[in-house]
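Taking it in order: structure first as structure tokens, then the write-up.
Here, each number is a calculation from the coordinates, and none is a lab measurement. Just so you know, these numbers come straight off a predicted model, no measurement behind them. As a convention, Cβ positions derive from the backbone with ideal geometry for all residues, glycine included, and neighbour counts pool all protein chains shown.
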Amino acid sequence: MRHKWLVAVMVLAVLALVLPQASAQRVVVMKVWAIGPDNPSVNRFNNVVTAADRLNAELRREGAGVQIKVEGSFDTTGWDSYLRRALLAFQSGDAPDIIQAAHPQTATWAAAGFIIALDEMIPKYRQFNDVVPSLWDAVKFKGKIWGIPQDTEARPIYFNKALLRRLGWTDQQIAELPGRITRGDFTWDDVMVTARDAVQKNVVERGKGYYHRPTPGPDFLQWYRSHGGRDFEAASGKLVFTKEAALRYFRWLRTAVDQGVLERDRLNNEWPRFFQPVSDGKVLFFSGGTWNWAELEREWLNAKGGDEWLFANIGFAPHPTWRKGGRAITMSQPQAYMIPVASKNKDLAIRLIAYTTVPDLDAKHAVGSAHLPVLSSTARLVKDRFLKEVSYLLNFTTFQPPHANLAEWHGALFRGVSAVESGQATPEQAVDLVAAEMQRTIRDQVIIE
Amino acid sequence: MQSQAEATPVRAGPVVRAALLQRYAAPAIFLLPATVLIVLFFLVPVFTTLYLSMTDISVLTFRNPQWAGLENYRTLLQDPFLGKIMLNTARYVGFTLLFNVGMGLVLALLSTSVPERYGNQMRAVWLLPRILPPVVYVLIWQGLSRDAPFGLISSLTGSERSFISGHPWAAIVLANGMVGASFGLLIFTSAIRSISQDLFYAAAVDGATTLQTIRRIVLPMLKWPILFVTAYQTLSLLTSFEYILLLTQGGPGFFTTTVWSLHAYNLALSNYFGNVQFGLGAAMAAVLVVIGIIVSVLYLRIFNFRALVAEPKIEVN
Amino acid sequence: MPLLPPRWRLLLLVLLGLSIPIIAGFIWLLLTGWFDRVHGLIPAGGFAPENWRFLWETVGGRPPVFVALRNSLIFAVVVATAEVLIASMAAYAISRLSFPGRSLYLGLVLVLHAFPAVSLLIAIFYILRLLGLFDTLIGVILVKASLELPLGIWLMKGFFDSLSWEMEMAALVDGMSRWTLFWKIAMPMVRPGLLALATFALLSAWGEFIIPFTFIVSSRSQLMSSYLQSFLTEAFSDFGMFAAVGLFYAIPVIALFLLGQRYLLNIYSGGVKG
């Protein structure tokens, strides 16, 4: 008699152990790599985690027997170490399942065979129908789609309203400035004159008339374009370099340095030396990105009242052009999620990305980091004043061309800019240097005109 | 009768084979791990560097590098900025060497001219930059060099700007120099200590001043050590870039402090836009490798290889 | 010099003067790590234990500092152990055994000792990739141990050379094998050398930056050197915390220095001798 209930207990115990096993889920680890490098962009990673939770709930409902666990990192160090890590990871087969990078990487990595084309997978998920149509152009290369747009932005020229007032501008003139830039009424020459004026009248210190980024980046393409330069010929699919435009651009830079408007060592790799004077209200004009607004607000202007100070003191507009009547310009560099060839969970990966590409997560990232949303329906959710005010810049925006050798093009142009600003070469010499460098590294894929 | 010498030659029987095995087994076992590692991480890389330098390997061609012959070297020679990089390298090596040897000498002379316990203490202090992790050392440099009011150097010199971006060369030479000086310091101190005491007493009896003693007795004895330190550190400076990478990344601005080895590293392994040019970087590294081999062999010739290779005391195997 | 110059106190002052930058550097590190703001060498803000928050929080997207700490400890200890064992074995063979190619081998080791290993990083990356050891602790341990071998072999050879051969002779005659002789007799006799090499290797591996920086990409295998370096490249600089991390990282070195100054001086003098 006694033994019977012992047996019963044992059977129950065995059942208790076995039954949960029967309904146990297979856990798939999804490796996700994301990068800012600006801190506020952390949602590029966190949104995927949130999406995974939602997807897991859905998977449970479907009884799929699979659960996703997201692992990975959000990189705040810099693009060059991130890209190096990615390159090495692709090689070693230890690649992530989802990797986020700027859209030009789709061209390079697609050409190198590191990522997969997504055309066949996209129609399966209705979330992707909501993506702003023009953004797909940024991730297309050789006719196929290689990434899912994650966010976009714009790169304005910012100006300090308080300093303009000290220079003698009226509030009306200040309010009209963005309009004048957009119409082509306030050109780069006018920027130069105003900044020089400010330096001479001691409204700003020498070198603080105009600031731009201290590190390499795609922005230089935008400024070269604003001086009339071409960079891509769609018909032949080749890159282009317009010497005349580059000369204009380099001459502007040279003059700016000579007249004390621009620092000789502006390209000093030190972000604090960009942000600190800006947040101290000491810089008249500075080129940047919409996300700088969030960085400034959150990290540098905490003590001064965050975005109240910004709205009171800083204005923004698309970049001016070089000739009167020309069209203002800005650039957007959408970020994209891509799927490496080496990933073993491609179907789950695209599904996870679909769950990340939803309006509320889109809005969360946009508002959190002052990037711009990628989905048409997100606009309803975004109440952020800055994003609302800055979104008109998208009407003037351009993308970088889809070419596998774009990196060499950027590298050569950057060398020219560094040489001119630091005084190592005259503008004419720098143009020749850039052309020679492009010829050497891109060979027949570039047209020098 | 046939002498044994004319008998048929003895074939290597099992006994002889065992003896041979015994003769070579011991060295083989002892040397195996070291040999494997040295082959894998010294010898193979030397040839790999030369091989890679002759391919067009880059991000795009990583999977299928093509043979490019001497193309990379030709590209290097045509690079307009190569001259600047070579100049930077010469500057870096020259000035740092001057500091290393000069300061090492001065410190050695000073620290042997004071009571031993003080001398030891000061020498120990100069050992610190060498044993401290490079990243911490650079952190200290960056901290001292900050813009006013935070940086000590700015407060002392009255300048507003960061010492490192204002005077990158001074920063690099000093930072590397303070690490390198300890090398010379210790060698020279050893050499000074090994000078026979009689010479000093004799000089004192003759009424020589300290300066004269140094000039007539100490310095001549330091000729070889100075030559050795100079030669050794020239090679090591030619190829070192770690501190430069950490301090200035080769900037600020346009290749300001980029030296040959750093440029090679950047070309091959790190680039903002993602266009790593592996083959080109390997070509630059190959130049260093070849120089390194030639110079290292030269050192051996000059600095007494023979004495070090004396046959072992125990011959029995 | 056996006779002190008459104005040696003046010379001591000069010596101190020259050494001030190093001392100032340490004071800066100490103060900045513990205070909120430091102007020059004077604390301008309050006492700031929050500089040490990286010990209980994760900062930015980084892994907890203890991951990096654990990795650095493993790295340093394994490299030092491998170094000491492998180098001693090879040094013993070169010093005590006669074999064909011996002088060639020694010549190779000496050439490699002077050779700048750093220039091989690019090729080593390629090789590690081929071996599947890229981005692993084992990979960087092997690389570091290998690159330090020439120094280790050369150092230990010096020690083995100075052993009297009578004891070994006697043991061999008694029928002891080389291997047993090595472990039971030779190694114990060169203990000071082993200790010296172990100290070099530990210090060198603890501070190693460029090798893990180049060959390790994932954060779970990150070392303290790359952990600290990731702070140096941040746009928004919180030097208080950076200094605290630096202090934390340098504690073993500073401790070793304070407790074993004499010892360090001795072995570094011996180690660098031409």
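Applying 1/(1 + (r/R0)^6) with r as the Cβ-Cβ distance of B:Leu156 and A:Glu205 and R0 = 35 angstrom yields a FRET efficiency of 0.95. Can you give the angle from 0 to 90° between the axis of helix A:79-92 and the longest principal axis of chain A, with both taken from C-alpha atoms, to the nearest 10? With rounding to tens, the tilt is 40 degrees.
Mean Kyte-Doolittle of at least 0.0 and a Cα length of 20 Å or more along the axis: which whole DSSP H helices of chain B meet both? Long hydrophobic helices here: B:14-38, B:82-111, B:168-193, B:223-239, B:278-302.
Counting helices only, and only those DSSP H runs with n ≥ 4, report the 222 nm mean residue ellipticity of chain A as the sum of -39,500 (n - 2.57) divided by its residues, in deg cm²/dmol to the nearest 500. Helix-only estimate at 222 nm: -14500 deg cm²/dmol. Can you give me the distance in nm between label points at A:Arg26 and B:Asn64, each placed 7 Å from the Cα along the Cα-to-Cβ direction? My value for the distance between the label points is 3.4 nm. Here the contact order of the stretch C:8-47, divided by its residue count and restricted to Cα pairs under 8 Å and six or more residues apart, works out to 24 percent.
For chain A, the share of DSSP beta bridges that are antiparallel, to the nearest 5, is 55%. For the segment A:97-107, counting C-beta atoms of other chains within 10 Å of every residue's C-beta and taking the mean gives 1. Computed from Cα positions, the angle between helix C:102-114 and the longest principal axis of chain C comes to roughly 10 degrees. Starting from the Cα gyration tensor of chain C, take the square roots of the eigenvalues, sort them a ≥ b ≥ c, and report rounded, prolate or oblate (rounded when a/c is under 1.5, otherwise prolate if a/b is larger than b/c, else oblate). Verdict is oblate for chain C. Averaged over peptide C:240-249, the number of partner chain Cβ atoms lying within 10 Å of each residue's Cβ comes to 3. Run a plain Debye calculation on the stretch C:80-134 (Cα atoms as equal point scatterers, no solvent) and give log10 I(q)/I(0) at q = 0.30 Å⁻¹, rounded to two decimals, same order as the q list. Log10 of I(q)/I(0), two decimals: -1.04. B:Leu105 sits among other residues whose Cβ lies under 13 Å from its own Cβ, and their net charge, with Lys and Arg +1 and Asp and Glu -1, is +2.
Pull up the cross-link candidates among the lysines for A:Lys208, meaning alpha carbon to alpha carbon under 18 Å and not fewer than 8 places away within one chain. Output for A:Lys208: A:Lys161, A:Lys282.
For the stretch A:312-342, the residues whose backbone nitrogen is under 15 Å from a point 7 Å from the Cα of A:Asn395, taken along Cα to Cβ, are A:317-319, A:327-330.
For the pair A:Lys238 and A:Lys4 in one chain, pulling the backbone fully straight at 0.36 nm per residue adds 75.8 nm over the alpha carbon distance. Counting only DSSP beta bridges with both residues in the stretch A:31-164, the antiparallel share comes to about 20 percent. Computing Rg and the Kirkwood Rh from the Cα coordinates of the stretch C:42-98 gives a ratio, Rg/Rh, of 1.39. Here's the picture: charge each Lys and Arg Cβ at +1 and each Asp and Glu Cβ at -1 in the protein assembly as shown, and of B:Gln121, B:Ala26, A:Leu372 the one pushed furthest to the positive end of that dipole is B:Ala26.
Cα extents for chain A along the principal axes, largest to smallest and rounded to whole angstrom: 105, 53, 34.
Maximal additional length on extending the A:Glu58-A:Gln259 stretch stands at 66.1 nm, based on 0.36 nm per residue less the C-alpha distance.
D by Stokes-Einstein for chain B, Kirkwood Rh over Cα pairs, 4 °C, 1.567 mPa s: 53 µm²/s.
Under a Gaussian network description of chain A, with springs only between Cα atoms under 10 Å, the residue in A:Val417, A:Val382, A:Val29 that fluctuates furthest is A:Val29.
Projecting the Cα atoms of A:Ile447, A:Thr187, A:Gly36 onto the dipole axis of chain A, where Lys and Arg carry +1 and Asp and Glu carry -1 at the beta carbon, places A:Gly36 farthest toward the positive end. Can you list the residues of the stretch C:82-96 with backbone N under 11 Å from a point 7 Å past the Cα of C:Lys184, pointing along Cα to Cβ? Within reach of a label on C:Lys184: no residues. Treating each Cα of the stretch C:8-47 as an identical point scatterer and ignoring solvent, apply the Debye formula and state log10 I(q)/I(0) at q = 0.27, 0.31 Å⁻¹. After summing over all Cα pairs, the log10 values are -0.79, -0.92. The Cα-based radius of gyration and maximum Cα-Cα distance (Dmax) for the protein assembly as shown are 32.8, 130 Å.
Between 0 and 90 degrees, the angle of helix C:8-34 with respect to the longest Cα principal axis of chain C falls at about 60 degrees. Listed by chain and number, the lysines placed with their C-alpha closer than 24 angstrom to that of B:Lys223 are C:Lys273; residues fewer than eight positions away on the same chain are left out.
Take every Cα pair under 8 Å whose residues are at least 6 apart in sequence, average their separation, divide by the length of chain A, and the relative contact order is 25 percent. The length gained by stretching the chain between C:Ile23 and C:Leu41 to full extension, at 0.36 nm per residue less their Cα-Cα distance, is 5.4 nm. Taken residue by residue and averaged, Cβ atoms of other chains lying within 10 Å of the Cβ of A:266-273 number 6.
Counted over the protein assembly as shown, the DSSP beta bridges are approximately 60% antiparallel.
With R₀ fixed at 56 Å, the C-beta to C-beta distance from B:Arg91 to B:Ala25 puts the FRET efficiency at about 0.55. In terms of distances greater than 20 angstrom between alpha carbons, the cross-link table entries A:Lys364/A:Lys388; A:Lys238/A:Lys324; A:Lys140/A:Lys388; A:Lys243/B:Lys84; A:Lys69/A:Lys364 yield A:Lys238/A:Lys324; A:Lys140/A:Lys388; A:Lys243/B:Lys84; A:Lys69/A:Lys364.
Averaging the Cα positions of each part gives two centres, and for the stretch A:327-396 and the stretch C:24-59 these lie 39 Å apart.
With contacts taken as Cα pairs under 8 Å and at least 6 residues apart, chain C reaches a relative contact order of 30 percent.
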